[in-house]
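The next block holds one structure in the form of structure tokens; read it before the comments.
Please treat every number below as a calculation from the coordinates, not as lab data. Just so we're clear, the structure is a prediction, and the values are computed from it rather than from any experiment. Please note: Cβ atoms are built from the backbone with ideal geometry, for glycine as well, and neighbour counts cover all protein chains shown.
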Amino acid sequence: MSKKEVAIGLLITCLLVILAVQFASAYPDGLEWTANALGFVHKETSFNVNIMPDYEISFIPFKSLSGSLAGIIGAASVFLLSILVSKIMVKNK
């Protein structure tokens, strides 16, 4: 895959993230809703590390911009992690 193809893929991913955030619901997802309905949501545990709680960046006051940037950072993190893992796998081959 060429660098140009990777760059186009990343651009498309960023655009999709920006669009998807505009349609994201503020209501709990299915798993959280079910936990509330069945009464075991209080048993939830956390890692005490909230990098982007609720998929937002806390110091950005505009919710859609904050969510879009959080999504782009998340997508970029997954992309970079996949590159790192693939390089390690190729090196160990």
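Miscellaneous remarks
To keep it simple, each residue is scored yes or no on (1) of a type in the set (S, T, N, Q); (2) on the phi < 0 side of the Ramachandran plot; (3) within 13 Å of the chain's Cα centre (by Cα).
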| residue | (1), (2), (3) |
| --- | --- |
| K3 | no, yes, no |
| A7 | no, yes, no |
| V21 | no, yes, yes |
| G39 | no, no, no |
| E44 | no, yes, no |
| S77 | yes, yes, yes |
| N92 | yes, yes, no |
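- Scanning the range 1-50 for residues that are part of a loop (DSSP other than H, G, I, E, B), among the acidic types (D, E) and closer than 28 Å to F62 by Cα yields a single hit, D29.
- In the set (1) among the polar types (S, T, N, Q); (2) free of Cβ contacts under 8 Å to residues at least 24 places away in the same chain; (3) under 19 Å from F79 (Cβ atoms), the condition left unmet by T13 is number (2).
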